[in-house]
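The structure under discussion appears below in the form of structure tokens.
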Amino acid sequence: MTVVLSSSQVAEAARILASGGTVAFGTETVYGLGADASSPTASSKIFAAKGRPVGHPLIVHLASVAAFDEWVANDVDDRARVLAQAFWPGPLTLVVPHNGRVADEVVGGRATVGLRVPDHQLALDLLAAFGGGVAAPSANRFGHVSPTTAQHVLDDLDGRIDAVLDGGPCSVGVESTIVELAGGLPTLLRAGGLDVSEIEAVLGEPLIDGTSGRSRAAGMMESHYSPAARVVVVERPRPEESDAVIAPFEVAHQPSISLPKDAAGYARGLYGALRSMDSVGVKRILVVPPSNGPLLAAVLDRLAKAAA
Ligand code: TXA
Ligand code: MG
């Protein structure tokens, strides 16, 4: 039921989107589950396939920075355009006032839309061939770990979506950083694949932290990105026999997965590691976080949510 399309089948993937279907596709962050962002019926299929509560807003993916103006309100904050120019294509989502082109279902009736241009050639080819905006949340069952390979997508959604365009393993491995520019001060809604320090350097001002406390962005609930096994974040793993371990160093215990020491390398492997521990059916996963590097904030955030 779900067809797997290779890189030579972008035209077929675009045709499915144009006819109102659902296509999962690889980006640099995680795989997205895409549908026509201007179509209420097409975008509704995303919620059904994922089991995602209606009202949680989806990110709209665009083929180029030039398409930004086709989706935003006239009075959009100039700083959003500056960030788009600086970081797109790349792992940054900008939440800005929209002009009504996006389907209400995609934004959950909000006046703002999340926009991003992914830094992945096959995704850009698909977006260009389709020509419009593609609404795409991560291509996993609601609340589960985001997929970073086409096989992960099939593991969650086979038979529930029309196609997956295989773009290979994701190079970043955690979702995009989300910044809101909607009348107030520039606000960080989610740490992610683009380090906050880079954004602040371009803006010349600090971001307001909108990630903690009563979450303002839907989909920012505490428990999210969760494997079936219980996740416990530890500094020094003391595993019992039935536990699994994921750490930025070698561990003698089995099963264990050793990830790179730096947060960026660790991020690339984290979701695959959580998924493979689930597939061997462990009850508890002891996870040792990385200690430094860009993307540390994103990794610590995802581990906290997996453990919640
Ligand atoms: O890297 C990514 O961002 C991936 C790839 C596929 O692009 N997408 C992704 O989508 O992570 P998703 O649905 O799992 O997370 C999107 C989040 C929503 O949960 C919400 O928190 C925020 O983006 N968001 C989107 N539009 C918004 C809006 N208008 N206002 C506030 N938050 C918004
Ligand atoms: Mg998600």
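The values are calculated or read from the model by the stated rules, or taken from the named source; none is laboratory data. Because the structure is predicted, anything quoted here is derived from the model rather than measured. Cβ atoms come from the backbone with ideal geometry, glycine included; neighbour counts cover every protein chain shown.
Couple of notes before you dig in:
Conditions (1) part of a helix (DSSP H, G or I); (2) buried (at least 22 other Cβ atoms within 10 Å of the Cβ), marked per residue:
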| site | (1), (2) |
| --- | --- |
| ARG236 | no, no |
| GLU250 | no, no |
| ILE257 | no, no |
| PRO260 | no, no |
| GLY269 | yes, no |
| GLY272 | yes, no |
| ARG275 | yes, yes |
| PRO294 | no, no |
| ASP301 | yes, no |
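- Just one of the listed residues (VAL72, VAL102, VAL106) is β-branched (Val, Ile, Thr), more than 29 Å from GLU205 (Cβ to Cβ) and either in contact (Cβ under 8 Å) with a residue 40 or more places away in the chain or touching a strand residue (DSSP E or B) at 6+ places or on another chain (Cβ under 9 Å) (or both), namely VAL106.
- In region 137-166, of all residues being near ligand 2 (Cβ under 10 Å from one of its atoms), farther than 18 Å from GLN9 by Cβ and among the small types (Gly, Ala, Ser), the one that is modelled with the lowest pLDDT corresponds to GLY143.
- Which listed residue, of LEU126, LEU122, LEU115, is at pLDDT 95 or above, farther than 30 Å from SER279 by Cβ, in contact with a Phe, Trp or Tyr (Cβ under 8 Å, 6 or more places away or on another chain) and within 14 Å of ligand 1 (Cβ to nearest atom): LEU115
- Flag: LEU124 does not match the condition of being farther than 16 Å from PRO53 by Cα and assigned to a strand (DSSP E or B).
- Tally of residues being more than 15 Å from the chain's Cα centre (by Cα) and surrounded by fewer than 24 Cβ atoms within 10 Å (Cβ to Cβ) across region 17-34: 4
- Selected residue (criterion: farthest from ligand 1 (Cβ to nearest atom)) from residues of region 129-160 that are touching a strand residue (DSSP E or B) at 6+ places or on another chain (Cβ under 6 Å) and hydrophobic (A, V, I, L, M, F, W, C): ALA150
- Test for VAL134: is it of a type in the set (A, V, I, L, M, F, W, C), within 16 Å of ligand 2 (Cβ to nearest atom) and under 20 Å from the mean Cα position of the chain (by Cα): yes
- Residues that are of a type outside the set (Gly, Ala, Ser), in a loop (DSSP other than H, G, I, E, B) and within 20 Å of the chain's Cα centre (by Cα), drawn from region 35-91: ARG52, PRO53, VAL54, HIS56, PRO57, LEU58, LEU62, TRP88, PRO89, PRO91
- Among the residues listed as GLY100, GLY108, GLY55, the single one being farther than 17 Å from ALA191 by Cα, within 8 Å of ligand 1 (Cβ to nearest atom) and surrounded by fewer than 20 Cβ atoms within 10 Å (Cβ to Cβ): GLY108
- Inside region 1-31, residues that are within 11 Å of GLY167 (Cα to Cα) and within 14 Å of ligand 1 (Cβ to nearest atom) make up a count of 7.
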